[in-house]
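The values are calculated or read from the model by the stated rules, or taken from the named source; none is laboratory data. Predicted model only: the values in this text are computed from it and were never measured. With ideal geometry, Cβ positions are generated from the backbone for all residues, glycine too; neighbour counts draw on all protein chains shown. Side chains included, ligands, DNA and RNA excluded: accessible areas come from the protein's heavy atoms. Shrake-Rupley method; radii C 1.70, N 1.55, O 1.52, S 1.80 Å.
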Amino acid sequence: STRALCESLLITGFPYNIREVFEAVMIRYGTCLKASQAVRRLGSAALDLCYVACGRFEAFWEQCLKPWDTAAGVLIAAEAGAKVTTFSNRPYLPGDEEILATNGHIHDEMIRLLKI
């Protein structure tokens, strides 16, 4: 039910190829960390999506995931009412390079933060 990004708890992950995309990942991480209550990293995109679905976190974003990382979690999050897109606000499809799932209230703000 959190409607303000500054009161939101966010979750993310870091890709296996972090060295190749380090700058973009760190820019997004830092921007989101400054704008939110806090950012956590647990290590499982599927679980992170489920945590957005049940309201433990207001948003999850990550890049460089594979379809098997997101397929089940996206379904669960969407069925629970989460908004799931790419960083450019296009509906997320398994295999897309990036994913953003939110409670819907902070989605537009997150889209703005993730643009670099």
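Points to keep in mind about this one:
- Conditions (1) part of a helix (DSSP H, G or I); (2) on the phi > 0 side of the Ramachandran plot: number failed by residue 34: (2)
- Any hit, the stretch 83-103, residues being under 19 Å from residue 35 (Cβ atoms), open to solvent by 20 Å² or more (accessible area, probe 1.4 Å) and either of a type in the set (D, E, K, R) or assigned to a helix (DSSP H, G or I) (or both): yes
- Residue in the stretch 27-38 that is surrounded by 18 or more Cβ atoms within 10 Å (Cβ to Cβ) and out of contact with any Leu (no Cβ under 6 Å at 6 or more places or on another chain) present: no
- Against the list (1) at pLDDT 95 or above; (2) surrounded by fewer than 17 Cβ atoms within 10 Å (Cβ to Cβ); (3) not polar (S, T, N, Q), the condition residue 43 fails is (1).
- Filter pass, residue 75 being at pLDDT 95 or above and open to solvent by 20 Å² or more (accessible area, probe 1.4 Å): yes
- Residue pairs meeting the criteria (Cβ under 9 Å; at least 6 apart or on separate chains; first of a type in the set (Asp, Glu), in the stretch 74-90; second open to solvent by less than 50 Å² (accessible area, probe 1.4 Å)): 79/53
- One residue stands out among those in the stretch 104-116 that are open to solvent by 30 Å² or more (accessible area, probe 1.4 Å) and free of Cβ contacts under 8 Å to residues at least 40 places away in the same chain: the one that is nearest to residue 16 (Cα to Cα), which is 115.
- Single match in 2, 70 (criterion: open to solvent by less than 40 Å² (accessible area, probe 1.4 Å) and either modelled with pLDDT under 95 or outside any helix (DSSP H, G or I) (or both)): 2
- Output for the stretch 25-73, where each listed residue is closer than 17 Å to residue 116 by Cα, hydrophobic (A, V, I, L, M, F, W, C) and without any contact (Cβ under 8 Å) to a residue 24 or more places away in the chain: 26, 33
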